[in-house]
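*Asks:* Dumping the structure here so I can ask a few things about it.
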Amino acid sequence: MTNLSIQSALKVGGACLILVIAISVFGQSSRNSRFDPDGSFWVHGTAPNEFSDFGGINLNAKKSRHLPMAGVGIINGKRLPFKTLSVKQSNFTFTTVTVSRISYSFSGKFLKGGVFMSANLDDETPVLEGTLTKYKGGQKVAQAKLSFVYFGGT
């Protein structure tokens with residue numbers, strides 16, 4: 001191998017090594033980054049008429065006094081606690097208990113990761129999307145694909 005060939009091979013090999021290191025570091029940081037979406041999620045834009053009583057989705061795993069209690073908030077002040085809940089960035093689902101014959105279910109995903117409370121999230125950029133379903137007396141009465149914005153409490 002000539003001197004020029006060795007230098008070219010080292011440059012290419014060095015670039016590959018740097019690329020492999022960069023991929024490893026970025027891959028590790030995304031796997032190790034914490035996901036914590038605690039806060040409230042409100043419908044982005046105007047909710048369909050069938051959901052005019054829907055206030056928002058409240059996640060409060062740490063039972064913070066700065067956040068509403070976990071569950072679905074209704075405009076009239078009632079809260080429907082979660083019956084089932086799975087909170088993962090790529091798969092967020094819940095069902096609520098039935099209160100005054102009304103219950104909800106949701107299936108969707110978060111559009112970003114990280115710790116929402118410490119992120120600089122605005123109230124115009126959706127961070128959650130999915131299908132919200134409303135039940136009355138156990139019968140489905142409304143369903144809509146919605147996006148939600150984040151509110152971290154006061």
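The values are calculated or read from the model by the stated rules, or taken from the named source; none is laboratory data. All of these numbers come straight from a predicted model, not from anything done at the bench. Note that we place each Cβ from the backbone using ideal geometry, even for glycine, and neighbour counts take in every protein chain shown.
*Asks:* Do we find that SER86 is surrounded by fewer than 18 Cβ atoms within 10 Å (Cβ to Cβ), touching a Ser or Thr at 6+ places or on another chain (Cβ under 6 Å) and under 26 Å from SER33 (Cβ atoms) in this structure?
*Replies:* Yes.
*Asks:* Check off (1) hydrophobic (A, V, I, L, M, F, W, C); (2) surrounded by fewer than 16 Cβ atoms within 10 Å (Cβ to Cβ); (3) more than 19 Å from PHE151 (Cα to Cα) for ILE102 and give me the number that stays unchecked.
*Replies:* So the condition that ILE102 fails would be (2).
*Asks:* Would you tally the residues in the range 41-51 being of a type outside the set (A, V, I, L, M), in contact with a strand residue (DSSP E or B) (Cβ under 9 Å, 6 or more places away or on another chain) and assigned to a loop (DSSP other than H, G, I, E, B)?
*Replies:* Of all residues in the range 41-51, those of a type outside the set (A, V, I, L, M) come to 41-42, 44-46, 48-51.
Filter once more, keeping what is in contact with a strand residue (DSSP E or B) (Cβ under 9 Å, 6 or more places away or on another chain): 41-42, 44-45, 48-51.
With assigned to a loop (DSSP other than H, G, I, E, B) added as a condition, the list becomes 44-45, 48.
Number satisfying all stated conditions: 3.
Here is a yes/no grid of residues against (1) surrounded by fewer than 15 Cβ atoms within 10 Å (Cβ to Cβ); (2) in contact (Cβ under 8 Å) with a residue 24 or more places away in the chain:
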| position | (1), (2) |
| --- | --- |
| LYS62 | yes, yes |
| ARG65 | yes, no |
| ILE75 | yes, no |
| LEU80 | no, yes |
| LYS140 | yes, no |
| SER147 | no, yes |
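*Asks:* Tell me which residues, restricted to the range 52-81, are hydrophobic (A, V, I, L, M, F, W, C), part of a strand (DSSP E or B) and more than 16 Å from the chain's Cα centre (by Cα). Reasoning before the result, please.
*Replies:* If we filter the range 52-81 for residues that are hydrophobic (A, V, I, L, M, F, W, C), which is where we start, we get 54, 57, 59, 61, 67, 69-70, 72, 74-75, 80.
Narrowing the set further to residues that are part of a strand (DSSP E or B) leaves 54, 57, 59, 72, 74, 80.
Scanning the range 52-81 gives PHE54, ILE74, LEU80.
*Asks:* A further question follows. Scan the range 116-127 and give yes if some residue there is under 17 Å from the mean Cα position of the chain (by Cα) and either part of a strand (DSSP E or B) or outside the structural domain of THR46 (by TED's automatic domain parsing) (or both), otherwise no. Outline the logic, then answer.
*Replies:* Kept after step one, since they are under 17 Å from the mean Cα position of the chain (by Cα), are these residues of the range 116-127: 116-127.
Checking the rest, the ones that are also either part of a strand (DSSP E or B) or outside the structural domain of THR46 (by TED's automatic domain parsing) (or both) come to none.
No; the residues of the range 116-127 include none that is under 17 Å from the mean Cα position of the chain (by Cα) and either part of a strand (DSSP E or B) or outside the structural domain of THR46 (by TED's automatic domain parsing) (or both).
*Asks:* Further question: Taking the conditions exactly as written (under 25 Å from GLY77 (Cα atoms), of a type in the set (Ser, Thr, Tyr) and within 14 Å of the chain's Cα centre (by Cα)), does THR131 satisfy them or not?
*Replies:* Values: under 25 Å from GLY77 (Cα atoms): yes; of a type in the set (Ser, Thr, Tyr): yes; within 14 Å of the chain's Cα centre (by Cα): yes.
Considered against the rule, which asks whether it is under 25 Å from GLY77 (Cα atoms), of a type in the set (Ser, Thr, Tyr) and within 14 Å of the chain's Cα centre (by Cα), THR131 comes out as yes.
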